[in-house]
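Here is the structure we will look at, set down as structure tokens.
Each value in this text was obtained by applying a stated rule to the coordinates, not by laboratory testing. None of the values given here were measured: they were computed from a predicted structure. With ideal geometry, Cβ positions are generated from the backbone for all residues, glycine too; neighbour counts draw on all protein chains shown.
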Amino acid sequence: MKMKSLMLTAAVAALATPALAEVKVGMITTLSGGGAGLGIDVRDGFMLAIKQSGRDDIEVVIEDDQRKPDVAVQLADKMIQSEKVDVLTGIIWSNLAMAVVPSVTAQGKFYLSPNAGPSALAGKGCHENYFNVAWQNDNLHEAAGSYANTAGYKNSFILAPNYPAGKDALTGYKRFFEGNLAGEVYTQLGQTDYAAEIAQIRASGADSVFFFLPGGMGISFLKQYADSGVDIPVVGPAFSFDQGILQAVGDAALGVVNTSQWSKDLDNEANTAFVASFEAEYGRLPSLYASQGFDTANLLISAVEAADVSDADAFRAALEAADFASTRGAFKFGPNHHPIQTIYAREVIKEGDVYTNKIIGVALEDHADAYAADCKM
């Protein structure tokens with residue numbers, strides 16, 4: 001009787017202890033058309049971390065937003081209402097994030113951004129369930145402005161696409177750059193012909209050019225700029241000099257300094273293991289976007305290990321703790337759930353037949369964004 005009693009007590013105790021619920025993740029990212037390489041890298045980095053965790057309680061549903069806001073909104077609604085996801089992630093482009101994130105958080109879901117960080121979601125539009133695991137859009141551009149000062153530039157020509165991230169980019173550069181502007185131009189999102197802009201640069205009297213043109217836009221601009229014969233130094237954020245882009249640009253990018261919170265040569269254990277395992281898994285070097293996808297998944301995993309997603313307060317606290325080994329080293333969230341982190345200056349080099357980046361210095365140390373004071377959670 002005593003043995004049966006003990007067995008019954010153990011069984012009741014097991015039933016009374018709730019198992020951690022399965023977490024369902026909806027990933028909406030760009031997998032086709034212009035900019036697909038960015039979404040593919042975020043997806044691959046994210047899924048590599050999930051695979052390495054060995055967890056079977058995280059399910060990921062992946063959809064292609066085609067870089068269209070209306071498609072992204074439809075997919076988010078389907079994932080929440082039909083797929084019953086708990087957490088959403090994946091969006092690359094800030095105009096898509098602005099269309100999706102406020103609705104997602106209003107419905108009580110968590111959103112973990114592996115890339116887009118529009119200023120509108122960092123300040124007054126912040127939300128307790130929105131976490132950016134990459135940066136606030138202005139950050140890398142602020143670092144570029146800071147680097148331009150140390151390089152002695154006094155008269156920059158600046159350009160970016162006319163969408164939220166482009167506006168944040170030029171705002172960020174101007175916030176830290178202490179010189180004058182030889183020109184300021186907003187291009188069309190998705191533009192591929194930059195002859196008119198290059199002619200303006202040539203005639204501007206600029207001593208430097210700062211541009212933010214992610215994906216295929218940056219490839220087109222850099223190739224045309226190199227072919228134009230304009231000999232004015234270029235500075236940019238990592239987005240236009242990232243691993244996937246550099247192979248398409250080639251020699252035109254050599255020597256260009258760009259800013260990033262991550263680089264494959266960052267000397268920490270988590271990053272060394274990530275670079276090696278990503279290359280082994282996919283047969284290519286990881287990009288900034290891949291590192292951000294990887295970190296986003298590991299943040300999620302750290303929260304799943306600490307709390308049940310059905311307990312929103314506990315799960316949110318677990319995300320805020322950011323108890324994971326980031327590929328960028330030191331990582332923590334500010335009060336608006338955006339990173340506080342060091343941003344580096346990198347130079348484009350060639351290793352054998354591969355174009356890549358190497359760190360040449362620190363542009364901004366332990367840097368937070370400019371909008372946190374306006375966030376009232």
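So what are the chain's ellipsoid semi-axes, whole angstrom, largest first, if each one is the square root of 5 times an eigenvalue of the alpha-carbon gyration tensor?
40, 21, 19
Using packing as a proxy for protection, rank 88-96, 254-262 so that the peptide with the highest average count of other Cβ atoms within 10 Å comes first.
By packing density, highest mean first, the sequence is 88-96, 254-262.
Calculate the tail of P(r) for the stretch 43-185: the fraction of all Cα-Cα distances greater than 25 Å, expressed in %.
Taking all Cα-Cα pairs of the stretch 43-185, the fraction more than 25 Å apart is 38 percent.
Does the stretch 167-226 come out rounded, prolate or oblate, given a ≥ b ≥ c as the square roots of the eigenvalues of its C-alpha gyration tensor, rounded meaning a/c under 1.5 and, failing that, prolate meaning a/b above b/c?
Oblate, because a/c is 1.5 or more while a/b does not exceed b/c.
Cα extents of the stretch 285-377 along the three principal axes, largest first, in whole Å?
Sorted from largest, the Cα extents of the stretch 285-377 read 51, 30, 16 Å.
Please list, ordered by chain and number, the residues whose modelled amide H lies under 5 Å from the amide H of residue 88; skip anything fewer than 5 residues away on the same chain.
Hits under the 5 Å cutoff: 26, 110, 111, 112.
What whole-number distance in Å separates the alpha-carbon centres of the stretch 65-89 and the stretch 230-267?
32 Å
Which entries of 84/124; 78/264; 154/332; 24/124; 51/124; 124/167 show an alpha-carbon separation above 26 angstrom in the structure shown?
84/124; 78/264; 154/332; 24/124; 51/124
Any chance you could run the full-extension gain for residue 61 through residue 279? It's 0.36 nm times the residue separation minus the Cα-Cα distance, nm to one decimal.
Net length gain for the segment: 76.1 nm.
Using alpha carbon centroids, what distance separates the stretch 101-136 and the stretch 160-210, in Å?
Comparing the Cα centres of the stretch 101-136 and the stretch 160-210, I get a distance of 27 Å.
With angles folded into 0 to 90 degrees, how steeply does helix 288-306 sit against the dominant principal axis of the chain? Use alpha carbons for both and round to 10.
With rounding to tens, the tilt is 20 degrees.
Using only the Cα atoms of the stretch 111-200, what are the Rg and Dmax in Å?
Calculated on Cα positions, Rg and Dmax stand at 14.7, 46 Å.
Name the residues of the stretch 79-113 whose amide N is less than 15 Å from a point 7 angstrom out from the Cα of residue 22 along the C-beta direction?
Answer for this model: 83-87.
Using a Förster radius of 22 Å, what is the FRET efficiency between residue 151 and residue 272 based on their Cβ-Cβ separation? Nearest 0.05, please.
Efficiency, from the Cβ-Cβ distance: 0.15.
If you take the beta carbon distance between residue 223 and residue 184 as r and set R0 to 22 Å, what does 1/(1 + (r/R0)^6) give as a FRET efficiency, to the nearest 0.05?
So, using R0 = 22 Å, E works out to roughly 0.45.
Which percent, to the nearest 5, of DSSP beta bridges fully inside the chain are antiparallel?
Taking every DSSP beta bridge with both residues in the chain, the antiparallel ones total about 35 percent.
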